[in-house]
Each structure stands twice: as structure tokens, then as C-alpha cells.
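Peer 1: Attaching a single structure in C-alpha cells format; questions to follow.
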Amino acid sequence: MTTPPLPTADDYWSELTARFGVGREEGAFFGGRFIRTIIRPFDSIAGSGVLESLIGGSSSTGVELWGRRHVFNARHEWFHLDIAPAFNTWETEYEHSPSDANHGPNGQRSGSERSPGPMPRAFIQHPSSLIYYEQFPMWGGIRHNADDYLPGAVHVLWQETAAMEAGEPDWQASPTPGALARIDITNNAHPDSDGTAVFDLRDQVCLFFEIRHSGEPSYRLVVDAMKARGSKKAFTEFGDRSQ
């Protein structure tokens, strides 16, 4: 299978939100109510419910990700990550690069080379950072530097319901955010540098991460399909073909 180039942030977000029902209105199975999913914008991450949904990260004993990655001036390639966040262990296969594995206390492997001790989580240019997203340079905090990337505007999927009655529906928003959030990443010290991160808030996985310089992507990770809690779901056309 030929691996296609990675989608832009806008294209990925548009396809993902369509798959999650944005723009559709349906009748609920119970209670005679309409259900719709909308996108709610926030000027900042505060008050969006995103941080509250992501705190603590995944504690799953088994997640599989199928995706693509691209580093500036290098070939894009697919990857398959089999990871157990609860134990900090994983195995990764790539289209072009040597495979790698983190066996926790039993050491790590890159290609045919092995070394003792677990691989550090701070290795952000690795698919495992989609699970260990606390290492992404975008959260700020009391120790952040002036040129760090920080979260800017946020768009969150939100579910609304309304009674199935005559006249215009009276839509009522859910008290908690829905499945997805898109975060714009900004850099005050370098206005020509920015980025985008897209998160699955329910499974606590980053599905898309991109850093751009002067509008050109310098690093991208894209999740095309994921298996968690026993079920597999695709997020892109490439993910559909990978199943």
C-alpha cells in the first residue's frame, strides 16, 4: 500500500469532525429527543473543559495506533504503535525506519541495538508522545520559557439535545465537552512559528500534532486509526484502508 502524504490540520479536523457527526441531527433512541454535535470555540484553553479531560493521561493496558509521521526534509512514513501506557511499554514498526521498543525495566531496543533501562518519555519526536502528550512543548506552566509554544484558541466538540416538538428546537448543551478538541499552538517570541494539536478527550490520546515555521510543517504526527477498549475505529480514508 502506498502511504499518502499527511493531511493538513484543517483537512484532518474537517474529516474527523464529520465522522463524529458534526452537521447531523438525529433522533435519540430514548426520550424522544433530537441530538446534534456542534463545535464550540474558546479564546483560550481555560474554561473549555479540555485540561480537565486530559489530566492524568491514559492508564490503559493496551492501545494500538496506526498513523503517519513526517519530519522536515525526510520521507513521510506510516507507523504502528502497540503501547501499554499503564506500564510505560511499547513496540513500534515503521515503513522506512528501524523498529523500536521500550520494555520498561527490561530495557529498550532500536533496530538491532539493545540497551538497559527504559526509554525516557521526554523523547517527543516519537509516536509514543501521542499517549504521553504531557511532554509536548505546549502546556506552559511555572517553568516555561518566553519562547515556548503555548495553547491558544480552542475548538471543542459539544453535544446538544432538544425535545422533539413542533417549532424551533430549544437546544440544551451538555455540561461536559464531547469527544474531540482542537488546540491552536502559538509562540509569542516567534510569531512565524505555530502549530495544531487535536485530542481524543475520551480515550486521552493526541490524534494530530504539528509544528509549523513560516507556514511550512516541520514535524507532524497523524493518527489514522486506533484500537482501544477492544474496538478499532478509523479517523481518515487511509485508516479505513489500513483496517
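All of the numbers you see were taken from the coordinates with simple rules; none came from a lab. Note that the structure is a prediction, hence the values are computed from the model and not measured. Methodologically, a virtual Cβ is constructed for each residue, glycine included, from the backbone with ideal geometry; neighbour enumeration extends over all protein chains shown.
Peer 1: Filter region 145-186 for residues that are of a type in the set (A, V, I, L, M), assigned to a loop (DSSP other than H, G, I, E, B) and touching a residue at least 12 places away in the same chain (Cβ under 8 Å) and give the result.
Peer 2: Of the residues in region 145-186, the ones of a type in the set (A, V, I, L, M) are 146, 150, 153-154, 156-157, 162-164, 166, 173, 179-181, 183, 185.
Still in the running and assigned to a loop (DSSP other than H, G, I, E, B): 146, 164, 166, 179.
Once the filter is applied, which keeps residues that are of a type in the set (A, V, I, L, M), assigned to a loop (DSSP other than H, G, I, E, B) and touching a residue at least 12 places away in the same chain (Cβ under 8 Å), region 145-186 yields A146, M164, A179.
Peer 1: Further question: Is one or more of the residues making up region 221-231 of a type outside the set (A, V, I, L, M, F, W, C) and assigned to a loop (DSSP other than H, G, I, E, B)?
Peer 2: Within region 221-231 (the criterion being of a type outside the set (A, V, I, L, M, F, W, C) and assigned to a loop (DSSP other than H, G, I, E, B)), the answer is yes, since at least one residue qualifies.
Peer 1: While we're here: Which of (1) of a type outside the set (A, V, I, L, M, F, W, C); (2) over 23 Å from the mean Cα position of the chain (by Cα); (3) not in a strand (DSSP E or B) does R114 not meet, given it meets every other one?
Peer 2: Failing condition for R114: (3).
Peer 1: Sticking with this one: So which of T61, T2, T37 ends up being hydroxyl-bearing (S, T, Y) and surrounded by 13 or more Cβ atoms within 10 Å (Cβ to Cβ)?
Peer 2: On the way: T61 fails: surrounded by 13 or more Cβ atoms within 10 Å (Cβ to Cβ); T2 fails: surrounded by 13 or more Cβ atoms within 10 Å (Cβ to Cβ).
Exactly one residue qualifies, and that residue is T37.
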